[in-house]
Amino acid sequence: MTRLSIRRIEDAVHKIDRVFQNTPQYHCPHLSRALGCRIILKVETLNPVRCFKGRGTETVLASLEANGGQKAVVCASAGNLGQALAYCGRNRGFAVTVAASSAANPLKIERMKALGATVVLVEGQIEEALEAAIAHSRKTGAFLVEDSKNIDTCEGAATIGLELAKLPFPLDSVLISLGAGAMATGIGFALKTHSPDTRVLSVQPRNAPALTRSYLAGEVVESGAPNTIADGVAGRYVIPDVLTDMLEVVDDALLVEEGSIVEGMRLLYKHSGLIVEPAAALGIASILESPDRFRGQTVATVLCGSNVAPVDFENWMKH
């Protein structure tokens, strides 16, 4: 019932640069004591683009190479996908264009440019940036990389699930940040294949609830414009194919408040020494809001990115 294939996910391992693979996954005792459950951190920030997106972009570009396809690609991005595509594209000889909102995180825009991408800024949000990327693709023939809609991005992200399944102890639950859905569907599918008793839980900001509301309704539901500090997961529109995949592999979808996201970032910094962007703290935020649900469990959470402006991080830590 899903677009995902465990064979293709296992094949993706051989397409992805080793710099993005076998990331740290470990029990953090200090954070566990603070939260009342055994926390396993899966750290996807220790690579050249400081996020998990390199797994999916590597898979996309490797597939294009294998098919002798276009050596130019374009995407719309709030920052992390664009950085990953720029880095992987430069290494593989692809010309990379990124359409981004003029209101996007300036640090992420700067890093996309530094990695060699041509960045086109547009008025509006990520949806307007996607329209610009589609127009560029039609005009130039550049391959359009759409995170989560391109199944390669989901199956690249799913390699995280293969690694979690190798832990020497069972996971009761895994908490996965939810934006467009590549991580939740990919990791969820891989874990359900290798560890079917693990509950797969997605987490999204209450102020950017599009995919969660659609999941809970069982159909695409229109949501208003997002208003969250977690810019990496702040999409408004739902990809129907992704929703179908999510309904098959995700056990529950949770929403969290902005204050809990900041507190999650603070606790990760205080107890594990890790600086993460807001989107990476959603799993911890969900435990803070529902401690009884996770008490005594072994719970993994995927820290998906650390592209946060130092001044923003410092301000959030002060409050």
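The values are calculated or read from the model by the stated rules, or taken from the named source; none is laboratory data. Remember, predicted model here, so these are calculated numbers, not experimental data. Cβ placement follows ideal geometry from the backbone for every residue including glycine, while neighbour counts extend to all protein chains displayed. Surface areas here come from the heavy atoms of the whole protein model, side chains and all, with no ligands, DNA or RNA. Shrake-Rupley method; radii C 1.70, N 1.55, O 1.52, S 1.80 Å.
Assorted remarks:
- Top-ranked residue in the stretch 203-216 [being of a type in the set (Gly, Ala, Ser) and touching a Ser or Thr at 6+ places or on another chain (Cβ under 7 Å); ranked as farthest from Glu257 (Cα to Cα)]: Ala210
- Unmet criterion (only one of (1) open to solvent by less than 70 Å² (accessible area, probe 1.4 Å); (2) more than 18 Å from the chain's Cα centre (by Cα); (3) farther than 20 Å from Val60 by Cβ; (4) not hydrophobic (A, V, I, L, M, F, W, C)) for Pro106: (1)
- Ser137 vs. criteria touching a Leu at 6+ places or on another chain (Cβ under 9 Å) and modelled with pLDDT under 95: no
- Leu171 vs. criteria among the hydrophobic types (A, V, I, L, M, F, W, C) and not in a helix (DSSP H, G or I): yes
- Hits in the stretch 287-319 - residues which are under 14 Å from Ile39 (Cβ atoms) and in contact with a Phe, Trp or Tyr (Cβ under 8 Å, 6 or more places away or on another chain): Ile287, Thr298, Val302
- Residue within the stretch 253-276 that is open to solvent by 50 Å² or more (accessible area, probe 1.4 Å), at pLDDT below 95 and in a loop (DSSP other than H, G, I, E, B) present: no
- In summary, strands (runs of 3 or more DSSP E) completely within the stretch 1-112 and bearing 1 or more residues that are more than 24 Å from Ile176 (Cα to Cα) occur at 72-76, 95-101.
- Test result for Ala208, of a type in the set (Gly, Ala, Ser), assigned to a loop (DSSP other than H, G, I, E, B), touching a helix residue (DSSP H, G or I) at 6+ places or on another chain (Cβ under 7 Å) and under 23 Å from Glu155 (Cα atoms): no
- Residue list for the stretch 203-240, restricted to those being out of contact with any Leu (no Cβ under 8 Å at 6 or more places or on another chain), farther than 16 Å from Ala103 by Cβ and surrounded by 16 or more Cβ atoms within 10 Å (Cβ to Cβ): Ala210, Arg213, Val221, Ser223, Ile239
- Residue match in the stretch 309-319 (condition: at pLDDT below 95, of a type outside the set (Asp, Glu) and open to solvent by less than 50 Å² (accessible area, probe 1.4 Å)): yes
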